[in-house]
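The values are calculated or read from the model by the stated rules, or taken from the named source; none is laboratory data. Everything numeric here is computed off the predicted structure, so don't read it as measured data. Positions of Cβ are generated from backbone atoms using ideal geometry, with glycine treated the same way; all protein chains shown enter the neighbour counts.
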Amino acid sequence: MFAKKHLKLIWQGLTIPLVVLLLLSACSSTGATATQPAPTATSAPAATLEPTATIADTAVPVTNGSPQIFLDTGSVAAGFETETITAVTEAEGGPYWGVMPEYTLLTLPGYPINNHLLTPQIFIYPVTELQAVNEGTVPIVTSLQTLLQSSQEIAPMPFLPLFNAQQVMHAQLQYLDFQDGQGLRYLTQFDQAFIPINNYELIYTYQGLTSDGNYYVAAVLPVNHPSLPADAAVTGNEPLEFTNDFPTYLTNVVASLNPQAANTFTPDLTQLDAMMSSLEVK
């Protein structure tokens, strides 16, 4: 029997309510391990971001030293908005996962999923500054560099932005270049509890580096699949291994998602791949 606890999932300083059943212990099976230990979820106040957004179909000009972004959103969204997010330093006293240099954030108005824990976003970080201000990002960048030099599958897969939750699985891994760089994409879910893999939390993520090594690209895009439950609610209809052997449950979910056709997901994974492949960062 799980004891209910109320926690908050904190994403880059943004606090999101989340009802969880039991704090996760680390999972050790392939595709089901944590990115980093989850810190307490109540240690950071919500950040208020008030940058000026720019709406564009395919390109945003250089402003204030930020990179020039080209992106064809196709049928995935109605275009994109860009924001320059102000740097947050360790001296400001926030949690480690919120310490970031100034970076560029893209959001996607008109994205087909709006009932989801996370907002569809693409983060573009300057690599040198990123590693200088937050040493926790160094092994993540290094891991991605290693994978791009020698394609393989590991657990956990490299992931930014930093989360105060665990990467519990990954599926549908593919290596995918963009216009001026290389990267990989996969489906994953981050949790603070033993909960079902579900359509309210499952994401498509792209993690890549520009060819000159100057920028790290991280996309967080909600996805749904008809085989998954709508949300994290435990109904009693879960497979037996969900309560008896959670790592096996995760392994079985991954095995069921991997062979699914791209067009059985919403959005179609092929469309998400095309959008990310079109990205150019100057």
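Pairs meeting the criteria (first residue in region 91-105 and hydroxyl-bearing (Ser, Thr, Tyr), second residue part of a helix (DSSP H, G or I), beta carbons under 9 Å, at least 6 apart or on different chains) are Tyr96/Glu90; Tyr96/Glu135; Tyr96/Gly136; Tyr103/Glu129; Tyr103/Leu130. Restricting attention to region 182-208, the residues being within 17 Å of Thr119 (Cα to Cα), aromatic (Phe, Trp, Tyr) and part of a loop (DSSP other than H, G, I, E, B) number 1.
For region 185-197, indicate whether the set of residues that are of a type in the set (Asp, Glu) and closer than 24 Å to Pro226 by Cα is non-empty. Steps first, answer last, please.
The first filter runs over region 185-197 and keeps only residues of a type in the set (Asp, Glu), leaving 191.
From the residues that got through so far, the ones that are closer than 24 Å to Pro226 by Cα too are 191.
Yes, region 185-197 contains at least one residue that is of a type in the set (Asp, Glu) and closer than 24 Å to Pro226 by Cα.
As a summary of the residue check, Leu221 satisfies the conditions (1) closer than 30 Å to Val281 by Cβ; (2) in a loop (DSSP other than H, G, I, E, B); (3) among the hydrophobic types (A, V, I, L, M, F, W, C) except for the one numbered (2). If you go through region 62-119 and keep only what is outside any loop (DSSP other than H, G, I, E, B), more than 25 Å from His225 (Cβ to Cβ), in contact with an Asp or Glu (Cβ under 8 Å, 6 or more places away or on another chain) and modelled with pLDDT of 95 or more, you end up with Ile69, Phe70, Thr84, Ile85, Thr104, Leu105. Glu238 meets all of the listed conditions (1) touching a Leu at 6+ places or on another chain (Cβ under 9 Å); (2) surrounded by fewer than 19 Cβ atoms within 10 Å (Cβ to Cβ); (3) touching a residue at least 24 places away in the same chain (Cβ under 8 Å) but one, namely (1).
Out of the residues in region 257-267 that are among the polar types (S, T, N, Q) and part of a loop (DSSP other than H, G, I, E, B), state the one that is nearest to the chain's Cα centre (by Cα). Show your work before the answer.
Filtering region 257-267 for residues among the polar types (S, T, N, Q) gives 258, 260, 263-264, 266.
After this cut, where a residue has to be part of a loop (DSSP other than H, G, I, E, B) as well, the list is 258, 260.
On the way: Asn258: 18, Gln260: 21 Å.
Looking at the filtered set, the residue picked out is Asn258.
Residue pairs whose Cβ atoms lie under 8 Å apart, sitting 6 or more positions apart in sequence or on different chains, and linking a residue in region 138-155 that is touching a residue at least 60 places away in the same chain (Cβ under 8 Å) to a partner that is assigned to a helix (DSSP H, G or I), are Val141/Val127; Val141/Leu130; Val141/Gln131.
Between Val220, Val254, Val234, which is within 16 Å of the chain's Cα centre (by Cα) and of a type outside the set (Ser, Thr, Tyr)? Exactly one of Val220, Val254, Val234 is within 16 Å of the chain's Cα centre (by Cα) and of a type outside the set (Ser, Thr, Tyr), namely Val220. Within region 164-181, being surrounded by fewer than 19 Cβ atoms within 10 Å (Cβ to Cβ) and either outside any strand (DSSP E or B) or in contact with a Ser or Thr (Cβ under 8 Å, 6 or more places away or on another chain) (or both) holds for Tyr175, Leu176, Asp177, Gln179, Asp180.
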